[in-house]
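The values are calculated or read from the model by the stated rules, or taken from the named source; none is laboratory data. Quantities reported herein were computed from a predicted structural model and do not represent experimental measurements. For neighbour counting, all protein chains shown are included, and Cβ atoms are generated from backbone atoms with ideal geometry for every residue, glycine included. Heads up: the accessible areas ignore ligands, DNA and RNA and are worked out on the full protein's heavy atoms, side chains in. Shrake-Rupley method; radii C 1.70, N 1.55, O 1.52, S 1.80 Å.
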Amino acid sequence: MKKISLAIALLSILPMAAQAQSSVTVYGIADASIGIEDADAPGQDSRTVITSGTQSTSRIGFRGTEDLGNGLKALFNIEAGYAIDSGASDSSGLFQRRAVVGLQGSFGTVTVGREYSPIAAVVQSSDPLGHGYYGSNLGSFGTNRATRRLANSVNYKSEALSGFTVQAAYSAGERQNDNPSGNLVGVSVEYKNGPLNLGAGYHQIERLATGDDKEYVFGAGYNFGAFDIRGSYVVADLTGPNNEFKYTTIGGSYTAGASKFFVSAHQQRLETGARGNGFSLAYSYTLSKRTNLYSSYGRVNNNATGNFGLTSAGGTFAPPVTALGADPSVFNVGVRHLF
């Protein structure tokens, strides 16, 4: 009788034990294209290349959650980029794409580690090319440009309230001197209601003792059924004279069955007067929920002092720094598989 009672007691707690178990998912993207790059630089011919991550960066990741009860969850996500054309790992670090651990509940989500910055979400949701293909507004990020990822950071994202979502972050510079500390603080607000999407974000960075760098972004999008229009405006105003960088993009897409067509125009400019006006055309054909074929063409027309290039999910193609006024272009066809 005692054995039966014990068995019943053990069976009764099994659902509770199951709820407390962690769930881990392995996921990734494999993206490769063949293309023709033309730097339009003196002494350089166009070249044929095999490239990884034109539409989406090739990656592998691990994410998981554990139900802690009362609506509270623990979570983690580590994600590594790799080059499918060579098999090499990302040169920036093993899990440089994302490496966080945190808690999620009715209050929102708090993560610690290497995380996307507050303005990164606004830039992504307002890119006409979906953060892929050459000419993506991913070109607004990088050295002396806006900050996309934050190492040594504490991050907060609220639950959606009447369409509004707030993100905030603090990234520690971890320097032993207070001025400049290297710290970054940032915040963004997005509003999503049906077909309308609006967003704005701001970063302040104590990079130099002479003053703080400032980064801000505005983004918008609207869906008209099969048509989708998006645009963004990104500014990175570094400390010192003539250091301001601006990136503006506008464009849209049209979906017809398994086909999707993209068009985008953008401008990159420096406070010194250097300017590059670019445009992009892209096409994607869906074979299944996980696999699609694509093709794209992008070009930048630089002024006499411009040296700007084209950025895709996998990187940037630009003329040599000495080839001022060169007009680079890229054409490619590729395949992407999600797993």
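Highest GNM mean-square fluctuation among L270, L281, L68, for the chain modelled with Cα contacts below 10 Å: L68.
Evaluating 6.51 cos²θ - 1.76 cosθ + 1.60 at θ = phi - 60° for every residue in segment 261-275, the Karplus couplings come out as 10, 10, 9, 8, 10, 9, 9, 10, 8, 10, 5, 6, x, 5, 8 Hz, glycine and proline recorded as x.
What segment 181-339 shows is 47 Å² of accessible area per residue, with the surface traced by a 1.4 Å probe over protein heavy atoms.
For the chain, the longest principal axis of the alpha carbon atoms and the long axis of helix 2-19 meet at an angle near 20°.
Spacing of the modelled spin labels on V49 and A256, each 7 Å from Cα toward Cβ, amounts to 3.1 nm. By the helix-only formula, in which each DSSP H run with n ≥ 4 contributes -39500 (n - 2.57) and the sum is divided by residues, the chain has a 222 nm mean residue ellipticity of -2500 deg cm²/dmol.
For segment 14-165, report the % of Cα-Cα distances exceeding 26 Å. Beyond 26 Å sits 40 percent of the P(r) for segment 14-165. Entry comment: accessible area of segment 101-179 is 45 Å² per residue, from protein heavy atoms only and a probe of 1.4 Å.
Across all C-alpha atoms in the chain, the radius of gyration and Dmax reach 22.7, 92 Å.
For T305 and S92, the FRET efficiency from 1/(1 + (r/R0)^6), where r spans their Cβ atoms and R0 equals 30 Å, is about 0.50. Of S188, S58, S46, the residue with the greatest mean-square motion in the GNM of the chain, using alpha carbon springs below 10 Å, is S46.
Across segment 82-95, rounded Karplus estimates of 3J(HN,Hα) from the backbone phi angles (6.51 cos²θ - 1.76 cosθ + 1.60, θ = phi - 60°) give 8, 9, 6, 6, 10, x, 6, 7, 4, 5, 7, x, 4, 10 Hz, Gly and Pro being marked x.
Of all the options Q124, Q176, Q204, the one that moves most in a Gaussian network model of the chain with Cα springs shorter than 10 angstrom is Q176.
Within the accessible area of segment 249-339, the carbon and sulfur atoms contribute 61%, probe 1.4 Å, all protein chains present. Expressed as a whole percentage, what fraction of the accessible surface of segment 101-169 belongs to carbon and sulfur atoms when a 1.4 Å probe is rolled over the protein heavy atoms? In segment 101-169, the share of accessible area belonging to carbon and sulfur is 58 percent.
Computed log10 I(q)/I(0) for segment 235-339 at 0.12 Å⁻¹: -0.50, from the Debye equation with unit scatterers placed on every C-alpha and solvent omitted.
For the listed residue pairs K246/K289; K157/K214; K157/K289; K73/K192; K214/K260; K214/K289, the alpha carbons are over 31 angstrom apart in K246/K289; K214/K260; K214/K289. Summing charges over all other residues whose Cβ lies under 15 Å from the Cβ of F95, with Lys and Arg as +1 and Asp and Glu as -1, gives +3. When the alpha-carbon atoms of segment 87-142 are used, the pair Rg, Dmax equals 14.2, 41 angstrom.
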